[in-house]
Amino acid sequence: MEGPQLDADQALARLRDGNRRFADHVISLEALLSHARREEQARAQLPFAVILGCSDSRAPAEFIFDQGLGDLFVIRVAGNIAAPSQIGSIEFAVERFGVRLVVVLGHSNCGAIHATLEALDRPEAISPALHAIVDRIAPALSVLDHHYHPDRDRMQDAIRANVRYTASKLCEDSSYLDEMCRKKGLRIVGADYSLSTGEVEFFHPCT
């Protein structure tokens, strides 16, 4: 992308348009042509949005939003959690590239959410290292009952609760991001990606 950086509304509109194309099985010419600009991209980047998404192999943000090389600053971690390294990465993109939109992207049938719901009933069922992720998701699910039932409705509530919690933690744990939201036009929004339809629904604090 060339020229001045997009504001939050413009960036969000661009993501919405890109996801509409993806859900309709369309790939934009701009995204395809970006591959031919690898040499240019090697010299500099100017992403227009940050995506904090899950590591799930079925949820690559560049595809979901039909964007090309250099368009998105993507951070992927199981459960789209806000650990210090993720927060630092977001601060870097906001400060260095002037990004004004951060999207916390959850998705349907998330394995990390499944694991957390199971761990609430049977903590011994998960590996010690997995606790680093589960322990960051569990507080988000405190609004749910703590009995694991693998039904879609409960999973959907848990996925969205985790996205909202992560979005709130970004400003709670980063005075820099909080100030940028209050004074500099940064917006942090939640989103939910459907693996089956390909559609992304944006929600709190964006409606």
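The values are calculated or read from the model by the stated rules, or taken from the named source; none is laboratory data. Note that the structure is a prediction, hence the values are computed from the model and not measured. Positions of Cβ are backbone-derived with ideal geometry, glycine not excepted, and every protein chain shown enters the neighbour counts. Protein only, heavy atoms only, side chains kept; ligands, DNA and RNA dropped before computing areas. Shrake-Rupley method; radii C 1.70, N 1.55, O 1.52, S 1.80 Å.
Of all the accessible heavy-atom surface of the stretch 1-91, with the other protein chains kept in place and a 1.4 Å probe, what percent is carbon and sulfur?
Details: 2570 of 4630 Å².
Using a 1.4 Å probe with all protein chains present, the stretch 1-91 comes out at 55 percent carbon and sulfur.
Can you divide the C-alpha Rg of the stretch 1-91 by 2.2 N^0.38 Å and report the result to two decimal places?
That works out to 1.10 for the stretch 1-91.
At 0.36 nm per residue, and after removing the present C-alpha to C-alpha distance, how many nm does the segment from residue 37 to residue 143 gain when stretched out fully?
So the extension gain works out to 33.5 nm.
If you average the C-alpha positions of the stretch 161-207 and of the stretch 1-73 separately, how far apart do those two centres end up, in angstrom?
18
By how many degrees, 0 to 90 and rounded to 10, does the Cα axis of helix 152-172 deviate from the longest principal axis of the chain?
That helix lies at roughly 60 degrees to the long axis.
Report the per residue volume, in Å³, of the convex hull enclosing the C-alpha atoms of the stretch 78-132.
81
Taking only DSSP H segments of four or more residues, each worth -39500 (n - 2.57), what value at 222 nm results for the chain once the sum is divided by all its residues, to the nearest 500 deg cm²/dmol?
Here the helix-only value at 222 nm equals -13500 deg cm²/dmol.
Averaged per residue, what accessible surface does the stretch 1-46 expose to a 1.4 Å probe, in Å²?
I get 71 Å² per residue for this part.
Treating only the Cβ of Lys, Arg, Asp and Glu as charged (+1, +1, -1, -1), what charge dipole size does the chain show about its Cα centre? Round to the nearest 20 debye.
With Lys and Arg at +1 and Asp and Glu at -1, about 320 debye.
Kirkwood hydrodynamic radius (Cα pairs, Å) of the chain?
Across the chain, the inverse of the average 1/r is 17.5 Å.
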